[in-house]
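Below: the structure, in structure tokens.
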Amino acid sequence: MWEDCGFHPRSGIESLLLTSLVKIGENNELLVYDLLRDVGLEIVRNEDRANPGRRSRLWNHEDALRTLRNKQATKMVKALCLKYDNGSGDYFTSEEFQSLSELRFLKLDNANIRGDFSNLLSNLRWLDWRGCPTTFEAMNLHLEKLVILDLSWSKVTQDWEGWSQIEMRQLKVLNLTGCNEMLMTPDFSSYPQLEMLILERCAQLVEIHHSICDLKSLVSLNLKSCSNLSELPLEMGNMEALKELLIDGTSIQEIPESIARMKKLETVSASNCYSLTYLPISFPTEALSMLLLDNAKIIELPNSIGSLEKLERLSLRDCREIQKLPESLGELGYSLVELDVSGTLIVELPDSTSNLHLLRVLKLERCHVRKFPSVIGELRKLEEIHASHCRSLEGSIPSNIKNLEFLKILMLGYTCVSSLPESIQLLSHLQTLNLLACNNLETLPVLPSSLTCLRISSKKMSMIPDIQNLVELEDLSLGYEKPKELIDPPSSQSLGTISLPKLKSLELSHSQISNLGFEYGPACNPQLNKVVLTGANLQGVSGLPSSLSVLSIQACTSLTSMPTLGSLIYLSELQLLNSPVEEIRGLGELKSLEILVVSHCPIVHLNGLSKLTSLMRLSLKNCESLSKLPNVSNLIMLRVLEIHRCQKICSIKGLEGSTSLEELIVTDCEAESSAEVNKARRRIKKRLKTSQ
């Protein structure tokens, strides 16, 4: 597009990237930050504030519409945007475009054009005509320099007259996303320069015109979510320039053998092709770097997979018919970076896997592997191992895991792994270790101090792991999968005082912990903002850091009292569930509190509640000892008030002052039928109806 407009912006874009004014998105699109956009808009306005028709770009619909209707446009206008709602029925005549001889970009959403366009729009490079009507009413529309045509979400079909009436031999990009009336693609013979064809979400498309095979310049073919498309042209291998084939979410049953002739093909993305049963005997070997076959019905990979010398990423995720991988996989030793066989029936990896010297990511989640691969220590470049939910995975992790000096993520949750090797402490780059619901684990070795996320739970673990050396920890979760099953632990134990300077989130549900303390001081736990405590034997908590924003105490059946919370000036959410706590001390000092949830607790009073001017949600359930609420009229931000089975509460004072209340739920208590509650319900209903 740049070159077709006579621009060569490489150095300019690089400068903008360095100054952080633009960035390149995931799909290689150019993203402009608000500041640069606003500066650009202001520059264009200053070109002529009084007469928009003398500006170079008309992005505002009203300015563009007025300029066209009043025939005030000049040859200075290079870009013009008209954005109508669907079904507007509006149209523009050729006379209104008479003066736009230098127009390069035209956006014409949900509108039409009429008349004789001879010698008009001859410099147009980009026509964005989304919602294009089915009737074509223009004559002699010769767009010799048009490069991009966007007809997204239009009702055009293969018989649309525009295909034959618009002359656009230089067309390089054709976007037909969401053209749901199209059963067959148009004949592409008139667009020999086409490089990108987008047919994504053409839900009724069942056939691709054979002329597509003659597009020698086509680089990208996007057929994503064409759910009724069941076959590809047999001779598609003639598209010798194709680099990207995207058929995700189609009903394609097989990929033609001719694909092997596509020497430049880099990406084949066929995820969620639930009918895909057959793969070609061989894929193009020269350039293919990404092969994604998630959820396909294929039974096996061809042995030729080993000849793909550039293959970097292979994904067979949820290919539930695959039971083994070919030994030839090991021939990808100097290219394969990511291998995903999650959700397959694979029991073990082939021995040749040890040759995958560049492999960085290995995903085995929900597989049937029984033992951790013994060759794992040979994969010295590994950074991530994902093996969670491998229910058959048991035994010890091999000691040669110490060779994985670059390993950052080790996910083993919901497996039957019974032990970790002592050598794991040598993994100096390990950041995430997930051992949730590893119920055969009894002890843990010393863990590497590099960990930033540690999650452990086991029914057999009798000793709390030592965490004090994990000074990099940001996320810590310790506990049992089902703590309620362990109400009577064999012994009580204190976790000691926690002093982890980078800790942000702490979740404890370990029945062995009876006392929990946080070391006091601004440098001890300065970043801790979330604490969730679920432990049947927890009897005491002390030293909660003032940085907390979320505190949740659940099913702590031995916890009868809590520390004063008045120092938690940043606390925004407090949950107290299924615990015998009778009082929330310091409640009135929690000026930042937005959410308060109390359920199944013998709370006697909520002194200080009326001071919580930031409170947005108050939920009280099964608090049978709570006989009254403080006046709620000062809760000016309260949006949701929920009271359920608090049987002693007979009235709620101050509801008439709760003007922000949007939801009031009062059930199974005496206040349910009180006059103030009924009045409040009517006010809320009336206010919500008015706002609609």
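Laboratory data are not the source of any read-out in this text; all were calculated from the coordinates shown. All values derive from a computational prediction rather than experimental measurement. Cβ atoms come from the backbone with ideal geometry, glycine included; neighbour counts cover every protein chain shown.
With neighbour counts taken as other beta-carbon atoms within 10 Å, the residues Y84, Y414 rank, fewest first, as Y84, Y414.
Placing +1 at every Lys and Arg Cβ and -1 at every Asp and Glu Cβ, with all other atoms neutral, what dipole size does the chain have around its Cα centre, in debye to the nearest 20?
Working: 72 positive and 84 negative charges, 471 e Å.
Value, rounded to 20: 2260 debye.
If you average the C-alpha positions of the stretch 271-314 and of the stretch 590-667 separately, how far apart do those two centres end up, in angstrom? When both Cα centres are located, 59 Å separates them. The angle between the Cα long axis of helix 34-45 and the main principal axis of the chain comes to about 40°, on a 0 to 90 degree scale. Taking a Cβ cut-off of under 9 Å around E662, the surrounding Lys, Arg, Asp and Glu residues balance to a net charge of +1, with basic ones at +1 and acidic ones at -1. Hey, quick one: spin label on N228, modelled 7 Å out along Cα-Cβ, who in the stretch 157-191 has an amide N within reach, i.e. under 13 Å? Within reach of a label on N228, which here means backbone N under 13 Å from a point 7 Å along Cα→Cβ, the stretch 157-191 contributes 157-158, 179-185. Peptide packing: for 67-75, 92-100, the average count of neighbouring Cβ atoms within 10 Å per residue gives the ranking 92-100, 67-75, highest mean first.
Residues in the stretch 160-170 carry Karplus couplings, in order, of 4, 5, x, 4, 9, 8, 8, 8, 8, 5, 9 Hz; the curve used is 6.51 cos²θ - 1.76 cosθ + 1.60 with θ = phi - 60°, and Gly or Pro positions show x. Can you pick out the pairs among K263/K297; K628/K686; K621/K686; K75/K107; K324/K381; K264/K363 whose Cα atoms lie more than 19 Å from each other? Those over the limit are K263/K297; K628/K686; K621/K686; K324/K381; K264/K363.
Counting only lysines at least 8 places from K504 when in the same chain, those with an alpha carbon closer than 18 Å to its own are K530. In order along the stretch 544-558, phi translates into HN-Hα couplings of 4, x, 5, 6, 4, 10, 10, 10, 10, 10, 10, 6, 8, 6, 9 Hz, rounded to whole numbers, per the Karplus curve 6.51 cos²θ - 1.76 cosθ + 1.60 with θ = phi - 60° and x for Gly and Pro.
For S552, the residues whose modelled amide H falls within less than 5 Å of its own, excluding neighbours fewer than 5 places apart on the same chain, are V531, V532, L533, Q575. Neighbours of L362 by Cβ distance under 11 Å: Lys/Arg scored +1, Asp/Glu scored -1, total -2. Just to be sure I understand, if you calculate Cα extents along the principal axes in Å for this structure, which of [x] 82, 55, 51; [y] 87, 71, 46; [z] 164, 62, 54 do you get? Correct label, based on the coordinates given: [y].
Classify the stretch 398-462 from the C-alpha gyration tensor, please: rounded if a/c falls under 1.5, else prolate or oblate depending on whether a/b exceeds b/c. Walk me through the numbers before you get to the answer.
Details: a/c = 1.90, a/b = 1.57, b/c = 1.21.
Verdict is prolate for the stretch 398-462.
Could you tell me how many degrees, from 0 to 90 and to the nearest 10, lie between the Cα long axis of helix 675-691 and the main elongation axis, the longest principal axis, of the Cα atoms of the chain? Long axis of 675-691 versus the principal axis of the chain: about 20 degrees. Each residue of the stretch 564-579 is assigned a 3J(HN,Hα), and the resulting list reads 4, 9, x, 7, 7, 5, 9, 5, 10, 9, 10, 10, 10, 10, 6, 9 Hz, derived from the Karplus form 6.51 cos²θ - 1.76 cosθ + 1.60 (θ = phi - 60°), x at Gly and Pro.
May I ask for the net charge around L641, where only other residues with Cβ less than 10 Å from the Cβ of L641 are counted and Lys, Arg are +1 while Asp, Glu are -1?
Numbers: positive: R617, R639; negative: E642, E662, E663.
Charge balance in the 10 Å sphere: -1.
Label zone of K402 (point 7 Å out along Cα→Cβ, amide N under 14 Å): in the stretch 353-380 this covers 377.
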